[in-house]
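Heads up: the structure comes next, in structure tokens.
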Amino acid sequence: MEVTIKIFRYNPEKDRKPSYKTYRLEAVDTDRVLDLLEKVKGYQDGTLSFRRSCAHGICGSDAMRINGLNRLACKTLVHEVGTKITVEPILGLRVIKDLIVDMEPFFEHYKSIKPWLVNDDPVPEKERYQSPEDRALFDDTTKCILCACCTTSCPSFWANEKYVGPAAIVSAHRFIFDSRDQAAGERLKILNEIFGVHRCHTIFNCTLACPREIQITKAIGEIKMAISTGKLD
Ligand code: SF4
Ligand code: F3S
Ligand code: FES
């Protein structure tokens, strides 16, 4: 079948403003959008720029807007999106070139919530034990691959880039509800600040966009609840 792919193009070093370029190519319905981008770059236009690494939904580097929705190009098949495809960079972050955005502000938010295990107890001889029930409390949020599909689909983030965003909150949740961690109170304090969880108005775009199907809005709700009850301080 023939597929038409319209791609956002912008090189701030050369172009006065962004534009779209349309390419036609042969594809089968099990091709991934990433395959199409590779074909365009390899055979039609070597100047096209996009990020990718694993090509298997693990590294999180090829988040983009495909027909208006945030998705990973390597997990999106032609038969899911049709033969007329529009590809644009994710919103809310500066475009460096074409589909590549500046992820630095996203990772700054991520770092701000201390995404590592804090435990000052003496290191045990073996592992730090945890019951299956305690492990289950944060199982969902361990699945995050930091692709930014959630944060860059959130209207609260579009309105104010200082909002820490759902991805950072998901990472905070992963440690706040981990029984082995000792910094829940510190993280909740950070998330209780002006650009923390209260910027979330339960819009749900984040949950719909997550390629790992993490229940993000639910996780944010659990953190809001922990803050309001003071339970984990
Ligand atoms: Fe991506 Fe989901 Fe993690 Fe957000 S929570 S960064 S959408 S994997
Ligand atoms: Fe944004 Fe998700 Fe909340 S889209 S407003 S972080 S529920
Ligand atoms: Fe790694 Fe798509 S290229 S997630």
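The values are calculated or read from the model by the stated rules, or taken from the named source; none is laboratory data. Source: prediction; values computed, not measured. For neighbour counting, all protein chains shown are included, and Cβ atoms are generated from backbone atoms with ideal geometry for every residue, glycine included. Protein only, heavy atoms only, side chains kept; ligands, DNA and RNA dropped before computing areas. Shrake-Rupley method; radii C 1.70, N 1.55, O 1.52, S 1.80 Å.
Quick look at the numbers
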{"item": "At most 10 other Cβ within 10 Å, DSSP loop - GluC sites (Glu not before Pro), segment 117-193", "result": "Glu125, Glu127"}
{"item": "FRET efficiency, 1/(1 + (r/R0)^6) with R0 30 Å, evaluated for Glu193 and Leu69 via beta carbons", "result": "0.45"}
{"item": "Prolate/oblate/rounded label for segment 79-207 (Cα gyration tensor, a/c 1.5)", "result": "prolate"}
{"item": "Carbon and sulfur %, accessible surface of segment 36-77 computed with the full protein complex present, 1.4 Å", "result": "53 percent"}
{"item": "Relative frequency of Cα-Cα separations exceeding 14 Å in segment 38-129, percent", "result": "75 percent"}
{"item": "Sum of -39500 (n - 2.57) over DSSP H runs of 4+, divided by residues of the chain (222 nm, nearest 500)", "result": "-8000 deg cm²/dmol"}
{"item": "Rg/Rg_ref, segment 167-229, where Rg_ref = 2.2 N^0.38 Å and atoms are Cα", "result": "1.08"}
{"item": "Mean Cβ neighbour count within 10 Å, used as a protection proxy, ranking 18-25, 223-230 highest first", "result": "223-230, 18-25"}
{"item": "Separation of the Val28 and Leu117 label points, Cα + 7 Å toward Cβ, nm", "result": "4.4 nm"}
{"item": "Surface accessible to a 1.4 Å probe, per residue, for the residues of the chain, Å²", "result": "53 Å²"}
{"item": "Carbon plus sulfur fraction of accessible area for segment 116-233, probe 1.4 Å, in percent", "result": "54 percent"}
{"item": "In segment 36-82, trypsin sites (Lys or Arg not before Pro) in a DSSP loop with at most 11 other beta-carbon atoms within 10 Å", "result": "none"}
{"item": "The chain, relative contact order [Cα under 8 Å, separation at least 6], %", "result": "18 percent"}
{"item": "Kirkwood estimate for the chain, i.e. one over the average of 1/r between Cα atoms, Å", "result": "19.1 Å"}
{"item": "Over segment 1-92, relative contact order from alpha-carbon pairs under 8 Å, at least 6 apart, %", "result": "33 percent"}
{"item": "Where labels lie 7 Å past Cα in the beta-carbon direction, separation of Asp139 and Ile58 in nm", "result": "2.2 nm"}
{"item": "C-alpha long axis of helix 165-176 to longest principal axis of the chain, angle in °", "result": "40 degrees"}
{"item": "Met1 accessible area, 1.4 Å probe, all protein chains in place, Å² to nearest 10", "result": "90 Å²"}
{"item": "Entries in Lys41/Lys75; Lys39/Lys162; Lys111/Lys224 that, when Cα-Cα distance is taken, lie over 28 Å", "result": "Lys39/Lys162"}
